[in-house]
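Heads up: the structure comes next, in structure tokens.
The values are calculated or read from the model by the stated rules, or taken from the named source; none is laboratory data. It should be emphasised that the depicted structure is a prediction, and the values quoted were computed from it without experimental measurement. Here Cβ is always computed from backbone atoms with ideal geometry, including for glycine, and neighbour counts include all displayed protein chains. Protein only, heavy atoms only, side chains kept; ligands, DNA and RNA dropped before computing areas. Shrake-Rupley method; radii C 1.70, N 1.55, O 1.52, S 1.80 Å.
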Amino acid sequence: MVFKGNSYHFKGANTKMQRTEKKIAYELQEILNNYEIERDNLIPVLHGVQEKFGYISEESVAGISRHFNISESEIYGVATFYTQFRFTRPGDHTIRVCRGTACHVRGSQRIMNEVCKLTGIKPGETTSDYRFSLEQVACFGSCALAPIAVVNEAVYGRMTPPKIKQLLEEIE
Amino acid sequence: MSEIKLTIDGQEVTANNGDTVLEAAQNSGIRIPTICAHPALEPYGACRLCVVQIEGIRGNPTSCTTPVQNGMIVDTKSEDIVELRREILKLMLSGHTSPCFACSDRTLCEKYRPSPTKSGKASRCTFCSFRDSCELRKLADEFEINEFDLPVIYQNIEIEHNDPFMDRDYNLCILCGRCSRICKKIHGRGAIDFINRGKNARIGTSFHKKHTETDCNFCGACIDICPTGSLSDRFAKWQGAPDKYDKSICILCSLGCSIDLKIKNGKMIESGVVDFTPENRICAVGRFAIQQLLYNPLRLDFHQVRVEDGLIKDSYENAIDKAAEELIKYQGDQFALIAHTAATREEIYLLGKFAKTVMKSDNFAIAKPDKDKIIIEPSSVLEKIKNGTVKAVFTTGNYPDSTLIEKLETLIIADMFPSENEKSAKVVFASAVLVEVEGTFLNAKGEIESLSAAVTPPKNVYPDWKIVCDIAGKMGASEFAYSSIVDIGKEINQEGIQEEIPTAPVPSPINDVNALPKYYRGHKLAGVVSALSIFSPEAQAVKADIIPEELKSTVEEKPFEIVEKKEIVPNTYMVSVYAPTIAEKCQPGQFVIAMVNEKSERIPYTISDFDREKGTITMIILEVGRSSREMANTRIGQHLAHFVGPLGKPVEIKKYGTVLCAGGCYGVGAILPIARAMKEAGNKVICIEEASSHYLLHWEKRLADNCDELVIITKDGSAGLKGGAQDAITMLAKKEEKIDQAYIIGCTFMMMLCCEVTKKLEIPTQTAMNPIMLDGTGMCGACRVSEGEKTKFACVDGPFLDGLQIDWIELMQRQAAFKIEEIEGLPQVPIEKSPEEHFCACSHT
Ligand code: SF4
Ligand code: SF4
Ligand code: SF4
Ligand code: FES
Ligand code: FES
């Protein structure tokens, strides 16, 4: 991947997370097949779906609705009641920037601004090609290393705008 | 079932095992207030309004969920309980947009505003279409709630008008769950449910989809069961509370569903299910289309006969004469009659009898809708028209097709809508239809159901059966003089007529919106009830093509560009238009007339600000009624079709001493240029901004920057002082503020109240009469005002008139009368035509 001015461009199409519709339907069915048609299984199924796909999609809700014969609105209602479910497809890479006090004092805002500039998205958003998601998080508990950024599961301390830029560039 | 004995409020009561305490009380005539409970629904226990005290049970159980037990001692009316309910209700109301309860001018307000204002958003009760039927309001009044401990909240949830039938305003929702529960009960899989949690919890669809993209069948049950104004039938909502309920049958398809009618002044407001059960559910056509057919702008409500130059309107009697005169020439095989299936048994029988006995013809056919087309049976009748045997036809709708019509010498039509065939017709009768007709209907189950003519047809318009009876009478037939519908029914039985049981539509429209009836009397339903076109993909494709084209043409030709637009507070929009010549000339107090498109009404708007350098005019617009809705739905970059001004006499700017400028609603913006000019002229300027509640306050800073003192006052006391602008004036007078001149701009009611005070204080007062103007030219007379002895026209003599001289009572009464007329006239105008339009209505940014 190369950065060009304020935005980034791809070397090739991103295929890793791209699943064909058919494949998604198949994978969803696989999850559903593990569960008896009982209302009590709704939450476990939702967890299963989120684990597999990273989020709960409209198609998943429709599939679950058919399987359990529960209306889509009811499933969506149950899912939105719990904070751990997400409803938009996350990017292949999640960047989290800490906004805890220590990080803040040490300039985490500048890190955030840099990531926003590079990806063209705001916290809570995902790039339109689903490459990156950006999140803001409260203290990571690694204040000694402030400011902190977490790319996928890896924690990086003492961040600076050039460093985060380099990190993003290194992502395949 | 075993009986249970218990005591409620000291009264010995028997109940069935399994009853709830609420049911036991209700069955013994003891009323407990409820909101979330409904006889059609299982106990739910969400609102807690039905709390009671039961000996031996701790706390305050909800009576709607507590089963009765032998020996229970229940108290439903103790002081503590009533107080607790009051608190519960207050809490519920503070999340609802109801500052009106805390307003001390409410009684007067409702007296002078007998019907709610047709606004785009219900930012308070006076702006809510459900005001007169609201259960919440009734309870609030019962508990005499007239103050809040916490300010009322307006949640600012986007109003959903993204389907063609319903408006859903969840800002009014109290989360009783009646709608989602009934939807689930009726359809098994509900279209709506509670979504999100905590303070974001609300009713909604999966992923906020439009109802047209969900399982929703548009049965309307959710609207009919909602205790508040959250859910409404867009076509019916402003008609007010019904004065009569009646039962009838929908005969638009062979299912013949039972419906409940809401009626006002003989006119149908809306229809609904007879009970909230899966068995009795109805389809979108039965729920939403009947009223839109009856009060359709295209509907024929006069009879026509052909003269040399074409068809002219004529009396019913003349039309009968003419029809009889024509038909008598074509007795025997030369005549054919085509009836249709969406008719009563009596009508079908009499039309057949007319063909046979009066016209002496066996050519009697019935037009039957069959999915996407109309089939006329028996087809031999069509053959005879084709081969020229039949020369005269009496038809009850838009059939047979025009190629066959050309072969005829005489065509008589009895119909509800105009058609191409009219061009060949000798006589066109307007028919009374559907729920306007008395009679019986044979449904697909073979049952005979009855219709009661519950709704009054247009004047001098009669059902088809009466039309043929009168023609028959005119032609000398004696056996067509019936004294009642019942007699016709008896005759059908005596004759032993074999009636064909119609087949039920498959799939059933009540389960599938794609299977909704498509025709009535040969007219495409989606063609006359445009809302239904959402279900016919062809019609939508056409629309999608048309709309951007239209927008484009406006953009190219019109100069008045909207450069800024936003909703500043609920239902109140700021719109800035590029109009340099107007901006150059305009003076404080003047107004402009704007038309959003060529077909809009001309509407005067007070100039709220102007910028000579940028060449812009800014208006504050309250969305009340059709034209301001069009304005509220414009987008930045769009061009107005018409924009004239400045109009009206400017206010006289000079040094008075202390000048008071009071504004409410749209008037907050309108007083700004006056305040600024008065201050520049060396006056001490005091501004008053009035609003119903804190969430309606706007432009405070702009006002404060242009005056010496700004007084904020809200009707519910949620910000600034509590009261109305008039109270603020009194307060200023008490502070010994000597006011030399006052300018008041707001609704008529607010200006009236202010003038009462300034009159007493002998303050010269000018009031802006814009809210009452219609066309701004003095032609319509709507803005006629009595100022002392003189009659003035606000649009030419004003907008500012001497508020102390105006006969406010007369004015308010005239406006109230005008408003009722306007609301009654409303169905004539389909409010929103295409789903695309609704979409832009809610996506303003
Ligand atoms: S209209 Fe009927 S189907 Fe649609 S949401 Fe309301 S109750 Fe449910
Ligand atoms: S929309 Fe109406 S029926 Fe539904 S929860 Fe809200 S208030 Fe109750
Ligand atoms: S299914 Fe619809 S059109 Fe048919 S009778 Fe019932 S309400 Fe009327
Ligand atoms: S009516 Fe009993 S809790 Fe709502
Ligand atoms: S007045 Fe209560 S919801 Fe409108």
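Please report the net charge: other residues with Cβ closer than 12 Å to the Cβ of residue B:420, K and R +1, D and E -1.
Counting the neighbours of residue B:420, the net charge comes to -3.
Over both sides of the B-A contact, add up the buried accessible area with a 1.4 Å probe and give it to the nearest 100 Å².
Counting both chains, the buried surface is close to 1400 Å².
Pick out which of A:128, A:60, A:73 has the largest mean-square fluctuation in a Gaussian network model of chain A, springs linking Cα atoms closer than 10 Å.
Of A:128, A:60, A:73, the most mobile in the Gaussian network model is A:73.
Can you give me the distance in nm between label points at residue B:497 and residue A:82, each placed 7 Å from the Cα along the Cα-to-Cβ direction?
That separation, rounded to one decimal, is 6.3 nm.
Label 7 Å along Cα→Cβ of residue A:138; segment A:86-107 residues with amide nitrogen under 16 Å?
Hits in segment A:86-107 for residue A:138 at 16 Å: A:97-104.
Kindly write out, for segment B:748-758 in residue order, the coupling ³J(HN,Hα) from the Karplus curve 6.51 cos²θ - 1.76 cosθ + 1.60 (θ = phi - 60°), rounded to whole Hz, with x marking Gly and Pro.
The phi angles translate into 4, 4, 5, 5, 4, 4, 5, 5, 4, 6, 5 Hz.
Going through the cross-link list B:722/B:759; A:117/B:121; B:614/B:679, which pairs have a Cα-Cα distance over 29 Å in this structure?
A:117/B:121
Mark the label point 7 Å from the Cα of residue B:721 along Cα→Cβ and return the residues of segment B:120-148 whose backbone N is within less than 14 Å of it.
Taking a point 7 Å out along Cα→Cβ of residue B:721, no residue of segment B:120-148 has its backbone N under 14 Å.
Keeping every protein chain present and rolling a 1.4 Å probe, give me the accessible area per residue for chain B in Å².
Per-residue accessible area for chain B comes out at 41 Å².
Below 8 Å, C-alpha to C-alpha, sequence gap of six or more: please give me the relative contact order for chain A in percent.
Relative contact order for chain A comes out at 22 percent.
Taking a ≥ b ≥ c as the square roots of the Cα gyration tensor eigenvalues, with a/c under 1.5 meaning rounded and otherwise prolate when a/b beats b/c, else oblate, which class fits chain B?
oblate
Would you kindly derive the ³J(HN,Hα) couplings of segment B:43-60 from the backbone phi angles with the Karplus curve 6.51 cos²θ - 1.76 cosθ + 1.60 (θ = phi - 60°), listing them in order in whole Hz, with x for Gly and Pro?
Ordered by residue, 3J(HN,Hα) equals x, 10, x, 9, 7, 6, 6, 8, 4, 9, 10, 10, 4, x, 10, 6, x, 10 Hz.
At 1.4 Å probe size, with the rest of the protein present, what percent of the exposed accessible area of the protein assembly as shown is carbon and sulfur atoms?
Ligands and nucleic acids excluded, carbon and sulfur give 51 percent.
For the ranges B:425-435, B:195-205, B:214-224, A:80-90, what's the packing order if you count other beta-carbon atoms within 10 Å of each residue, average per peptide, and put the highest first?
B:425-435, B:214-224, B:195-205, A:80-90
Between residue B:110 and residue B:705, how many nm apart are label points set 7 Å from Cα along the C-beta direction?
Placing both labels 7 Å along Cα→Cβ, they lie 4.1 nm apart.
Taking the alpha-carbon distance from residue B:262 and a cut-off under 18 Å, which aspartates and glutamates remain once sequence neighbours fewer than 8 residues away in the same chain are dropped?
Result set, ordered by chain and number: B:132, B:135, B:224, B:233, B:243, B:246, B:270, B:275, B:436, B:438, B:824.
Rounded to the nearest 0.05, what FRET efficiency do residue B:5 and residue B:247 have when you use their Cβ-Cβ distance and R0 = 41 Å?
Plugging the Cβ-Cβ distance into 1/(1 + (r/R0)^6) gives 0.65.
Subtracting the Cα-Cα distance from 0.36 nm times the residue separation, let me have the gained length for residue B:401 to residue B:153 in nm, one decimal.
83.4 nm
Report, as an integer, the average count of C-beta atoms from other chains found within 10 Å of each Cβ along B:201-213.
Taking all residues of B:201-213 together, the mean is 4.
Name the residue farthest towards the positive end of the dipole of the protein assembly as shown from the options B:291, B:115, A:47, assuming +1 on Cβ of Lys and Arg, -1 on Cβ of Asp and Glu, about the Cα centre.
Most positive-ward Cα: A:47.
What does the structure give for B:244-250 when I average, per residue, the other chain Cβ atoms found within 10 Å of the residue Cβ?
What the average comes to for B:244-250 is 0.
What does the extension gain come out to for residue B:377 and residue B:307, with contour length at 0.36 nm per residue minus their alpha carbon separation?
22.0 nm
Return the Cα extents of segment B:303-495 along principal axes one, two and three, sorted largest first, each rounded to a whole Å.
Per principal axis, max minus min of the Cα coordinates gives 42, 34, 32 Å.
Per-residue counts of other Cβ atoms within 10 Å, averaged by peptide: what ranking do you get for B:495-503, B:658-666, B:4-12, B:46-54, highest first?
The packing order, highest mean first, is B:658-666, B:46-54, B:4-12, B:495-503.
Starting from the eigenvalues of the Cα gyration tensor, five times each then square-rooted, give me the equivalent ellipsoid semi-axes of segment B:233-333, largest first, whole Å.
37, 18, 12
For the protein assembly as shown, how big is Rg over Rh, using alpha carbon atoms and the Kirkwood form of Rh?
That ratio equals 1.01.
About its Cα centre, how strong a charge dipole does the protein assembly as shown have in debye, to the nearest 20, once Lys and Arg get +1 and Asp and Glu get -1 at the Cβ?
Here the protein assembly as shown has a charge dipole of around 2580 debye.
At what distance in nm do the modelled label points of residue B:680 and residue B:486 sit from each other, each positioned 7 Å from its Cα along Cα→Cβ?
My value for the distance between the label points is 8.0 nm.
Using a Förster radius of 35 Å, what is the FRET efficiency between residue A:129 and residue B:197 based on their Cβ-Cβ separation? Nearest 0.05, please.
Approximately 0.65, to the nearest 0.05.
Mind putting a number on the dipole of segment B:166-294 about its Cα centre? Charges go on the C-beta only, +1 for Lys and Arg and -1 for Asp and Glu, and I need it in Debye to the nearest 20.
The dipole of segment B:166-294 has a size of about 380 debye.
In debye to the nearest 20, how big a dipole does segment B:74-214 give about its Cα centre with +1 on each Lys and Arg Cβ and -1 on each Asp and Glu Cβ?
Dipole magnitude for segment B:74-214 comes out near 640 debye.
Setting aside same-chain residues fewer than 8 positions from residue B:360, which aspartates and glutamates have a Cα under 12 Å from its Cα?
Here the aspartates and glutamates satisfying the reach criterion relative to residue B:360 are B:333.
Calculated from DSSP H runs of 4 or more alone, at -39500 (n - 2.57) each and per residue, what is the 222 nm mean residue ellipticity of chain B, nearest 500?
Helix contribution divided over all residues of chain B: -7500 deg cm²/dmol.
Per-residue mean of other chain beta-carbon atoms within 10 angstrom of the beta-carbon, peptide A:65-75?
Per-residue shielding by partner chains comes out at 6.
Indicate the gyration tensor shape class of segment B:1-91 (rounded, prolate or oblate), computed on the Cα atoms with a ≥ b ≥ c the square roots of the eigenvalues: a/c under 1.5 is rounded; otherwise a/b larger than b/c is prolate and the rest oblate.
oblate
For residue B:652 and residue B:362, calculate 0.36 nm times their separation in residues minus their Cα-Cα distance, and state this gained length in nm to one decimal.
Taking 0.36 nm per residue and subtracting the Cα distance, the gain is 96.2 nm.
Residue B:142 label point, 7 Å along Cα→Cβ, cut-off 15 Å on backbone N: hits in segment B:213-256?
B:227-228
With a sphere of radius 14 Å drawn around the Cβ of residue B:703, what net charge do the other residues whose Cβ falls strictly inside it have (Lys, Arg +1; Asp, Glu -1)?
Here the count lands on -3.
Cα-Cα over 28 Å: which of B:247/B:466; B:715/B:735; B:445/B:474; B:185/B:445?
Correct reply: B:445/B:474.
With a sphere of radius 11 Å drawn around the Cβ of residue B:528, what net charge do the other residues whose Cβ falls strictly inside it have (Lys, Arg +1; Asp, Glu -1)?
Spelling it out: positives minus negatives among the neighbours equals +3.
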